[in-house]
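Each remark here refers to the structure printed beneath this line.
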Amino acid sequence: MERTDDEWRAILTPEQYTVLRQQGTEAPFTGAYWDDHAPGMYHCAGCGTPLFSSDDKFDSGTGWPSFTRPVEDDNVGAREDSSHGMRRIEVVCKACGGHLGHVFPDGPGPSGMRYCINSCSLTREEVGA
Ligand code: FE
(Lines give C-alpha, C1' and ligand atoms only; values in the text may rest on other atoms or scores of the structure.)
Protein backbone atom coordinates (compact mmCIF):
# COMPACT_ATOMS: atom_id res chain seq x y z
CA MET A 1 0.00 0.00 0.00
CA GLU A 2 1.46 3.32 -1.09
CA ARG A 3 0.14 6.65 0.14
CA THR A 4 1.58 10.11 -0.04
CA ASP A 5 2.54 11.97 3.08
CA ASP A 6 -0.44 14.29 2.61
CA GLU A 7 -2.79 11.33 2.36
CA TRP A 8 -1.45 9.85 5.60
CA ARG A 9 -1.88 13.19 7.35
CA ALA A 10 -5.49 13.32 6.18
CA ILE A 11 -6.29 9.76 7.28
CA LEU A 12 -4.49 9.56 10.62
CA THR A 13 -4.84 11.53 13.82
CA PRO A 14 -1.79 13.68 14.62
CA GLU A 15 -0.67 11.15 17.25
CA GLN A 16 -1.13 8.22 14.87
CA TYR A 17 0.82 10.08 12.20
CA THR A 18 3.71 10.76 14.59
CA VAL A 19 3.92 7.11 15.64
CA LEU A 20 3.11 5.28 12.41
CA ARG A 21 4.86 7.53 9.90
CA GLN A 22 7.57 9.20 12.01
CA GLN A 23 8.62 6.34 14.31
CA GLY A 24 7.24 8.14 17.34
CA THR A 25 6.48 6.60 20.72
CA GLU A 26 3.39 7.38 22.77
CA ALA A 27 3.86 8.03 26.48
CA PRO A 28 3.50 4.84 28.56
CA PHE A 29 0.28 4.21 30.48
CA THR A 30 -1.60 6.68 28.26
CA GLY A 31 -2.81 4.67 25.26
CA ALA A 32 -6.14 2.95 24.73
CA TYR A 33 -4.88 -0.63 24.94
CA TRP A 34 -2.08 -1.07 27.48
CA ASP A 35 -4.67 -2.01 30.13
CA ASP A 36 -7.28 -3.42 27.75
CA HIS A 37 -8.29 -7.03 28.31
CA ALA A 38 -11.20 -7.47 25.93
CA PRO A 39 -10.97 -10.28 23.40
CA GLY A 40 -10.42 -9.30 19.82
CA MET A 41 -8.08 -8.70 16.95
CA TYR A 42 -5.79 -5.70 16.84
CA HIS A 43 -5.49 -4.23 13.36
CA CYS A 44 -3.10 -1.69 11.90
CA ALA A 45 -4.58 1.78 12.46
CA GLY A 46 -3.10 2.83 9.12
CA CYS A 47 -4.32 0.13 6.77
CA GLY A 48 -6.49 -2.35 8.68
CA THR A 49 -4.21 -5.37 8.38
CA PRO A 50 -4.71 -7.82 11.30
CA LEU A 51 -1.52 -7.72 13.38
CA PHE A 52 -1.99 -9.08 16.92
CA SER A 53 -4.58 -11.15 18.78
CA SER A 54 -5.77 -10.67 22.34
CA ASP A 55 -4.91 -14.38 22.76
CA ASP A 56 -1.22 -13.41 22.63
CA LYS A 57 -1.49 -10.26 24.76
CA PHE A 58 0.09 -10.15 28.20
CA ASP A 59 0.61 -7.57 30.93
CA SER A 60 4.24 -6.52 30.60
CA GLY A 61 4.02 -3.71 33.15
CA THR A 62 5.57 -1.32 30.62
CA GLY A 63 2.45 0.75 29.93
CA TRP A 64 2.30 -0.35 26.30
CA PRO A 65 0.21 -3.19 24.89
CA SER A 66 2.49 -6.21 24.66
CA PHE A 67 2.18 -9.43 22.70
CA THR A 68 4.21 -12.62 22.47
CA ARG A 69 3.80 -12.93 18.70
CA PRO A 70 2.08 -11.49 15.63
CA VAL A 71 -1.13 -13.12 14.50
CA GLU A 72 0.57 -13.79 11.13
CA ASP A 73 4.32 -13.60 10.69
CA ASP A 74 3.77 -12.37 7.15
CA ASN A 75 1.91 -9.29 8.37
CA VAL A 76 4.61 -7.91 10.66
CA GLY A 77 8.12 -6.96 9.64
CA ALA A 78 11.24 -6.25 11.68
CA ARG A 79 14.25 -4.07 11.00
CA GLU A 80 17.24 -2.80 12.94
CA ASP A 81 16.81 0.54 14.65
CA SER A 82 19.85 2.32 16.08
CA SER A 83 18.11 5.59 16.96
CA HIS A 84 18.30 7.18 20.42
CA GLY A 85 21.64 5.53 21.13
CA MET A 86 20.10 2.07 21.37
CA ARG A 87 20.21 -1.01 19.20
CA ARG A 88 16.66 -2.24 18.96
CA ILE A 89 14.50 -4.17 16.54
CA GLU A 90 11.75 -2.01 15.13
CA VAL A 91 8.41 -3.66 14.30
CA VAL A 92 6.44 -2.47 11.28
CA CYS A 93 3.21 -3.29 9.46
CA LYS A 94 4.40 -5.05 6.34
CA ALA A 95 1.41 -3.89 4.32
CA CYS A 96 1.78 -0.13 4.79
CA GLY A 97 5.23 0.22 6.37
CA GLY A 98 3.79 1.88 9.44
CA HIS A 99 5.89 1.89 12.61
CA LEU A 100 4.27 -0.17 15.39
CA GLY A 101 6.87 -0.42 18.15
CA HIS A 102 9.80 -2.68 19.01
CA VAL A 103 10.38 -6.34 19.83
CA PHE A 104 12.58 -7.55 22.69
CA PRO A 105 13.77 -11.08 23.57
CA ASP A 106 12.49 -10.97 27.15
CA GLY A 107 8.88 -12.08 26.77
CA PRO A 108 7.04 -14.94 28.45
CA GLY A 109 6.06 -18.33 27.15
CA PRO A 110 7.41 -20.41 24.32
CA SER A 111 8.19 -17.49 22.01
CA GLY A 112 10.23 -15.63 24.64
CA MET A 113 9.45 -12.47 22.73
CA ARG A 114 7.85 -9.20 23.81
CA TYR A 115 6.28 -7.15 21.03
CA CYS A 116 5.99 -3.72 22.64
CA ILE A 117 3.45 -1.83 20.55
CA ASN A 118 2.02 1.68 20.62
CA SER A 119 -1.72 1.66 21.32
CA CYS A 120 -2.37 4.36 18.76
CA SER A 121 -0.92 2.28 15.94
CA LEU A 122 -3.68 -0.28 16.58
CA THR A 123 -7.45 -0.52 16.46
CA ARG A 124 -9.10 -3.44 18.21
CA GLU A 125 -12.02 -5.21 16.64
CA GLU A 126 -14.12 -6.98 19.22
CA VAL A 127 -15.03 -10.60 18.75
CA GLY A 128 -18.46 -10.86 17.21
CA ALA A 129 -18.54 -7.17 16.27
FE1 FE B 1 -0.57 -1.07 8.06
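The values are calculated or read from the model by the stated rules, or taken from the named source; none is laboratory data. None of the values given here were measured: they were computed from a predicted structure. Counting neighbours? That spans all protein chains shown, and the Cβs are built from the backbone with ideal geometry, glycine included. Only protein heavy atoms, including side chains, enter the accessible area calculation; ligands, DNA and RNA are left aside. Shrake-Rupley method; radii C 1.70, N 1.55, O 1.52, S 1.80 Å.
Normalised by the residues of region 3-94, what does the relative contact order come to in percent, with Cα pairs under 8 Å and at least six apart?
On the way: 118 pairs, mean separation 17.0, N = 92.
The normalised contact order for region 3-94 reaches 18 percent.
Heavy-atom accessible area for Met113, with the other protein chains in place and a 1.4 Å probe, reaches approximately 60 Å².
For the chain, the list of Cys residues with no other Cys C-beta under 4.7 Å reads Cys116, Cys120. Less than 5 angstrom separates the built amide H of Met113 from those of Gly107, all sequence-distant by 5 or more or on a different chain.
Computed with every protein chain present, the accessible area of Tyr115 is close to 40 Å² [probe 1.4 Å]. Summing +1 for each Lys or Arg and -1 for each Asp or Glu among the other residues whose beta-carbon sits under 15 angstrom from that of Lys57 gives -4.
Look at the dipole of the chain built from charges on Cβ: of Trp8, Thr25, Thr68, the Cα furthest out on the positive end belongs to Thr25.
The mean accessible area for residues of the chain, using a 1.4 Å probe and ignoring ligands and nucleic acids, is 54 Å² per residue. Highest mobility in the GNM of the chain, judged by mean-square fluctuation with C-alpha springs under 10 Å and restricted to Ala78, Ala27, Ala45, is found for Ala27. Backbone geometry of region 23-30 corresponds, through the Karplus equation with coefficients 6.51, -1.76 and 1.60 at θ = phi - 60°, to 3J(HN,Hα) couplings of 6, x, 10, 6, 5, x, 6, 10 Hz, x marking Gly and Pro.
Where Lys and Arg each count +1 and Asp and Glu each count -1, what net charge lies around Val91 among other residues with Cβ under 14 Å from its Cβ?
Working: positive: Arg69, Arg79, Arg88, Lys94, Arg114; negative: Asp56, Glu72, Asp73, Asp74, Glu80, Asp81, Glu90.
Net charge around Val91: -2.
Expressed as a whole percent, the accessible area of region 5-126 that falls on carbon and sulfur atoms is 49 (1.4 Å probe). Magnitude of the charge dipole for region 34-129, about its Cα centre and with charges confined to Cβ atoms of Lys, Arg (+1) and Asp, Glu (-1), is about 280 debye.
Using θ = phi - 60° in the Karplus curve 6.51 cos²θ - 1.76 cosθ + 1.60, the 3J(HN,Hα) couplings for region 45-56 round to 6, x, 9, x, 5, x, 10, 9, 10, 4, 4, 10 Hz; x is entered for Gly and Pro.
How much net charge surrounds Arg9 when only the other residues with a Cβ under 14 Å from the Cβ of Arg9 are counted, with Lys and Arg +1 and Asp and Glu -1? It would help to have the intermediate numbers written out before the result.
Values: positive: Arg3, Arg21; negative: Asp5, Asp6, Glu7, Glu15.
Residues near Arg9 contribute -2 overall.
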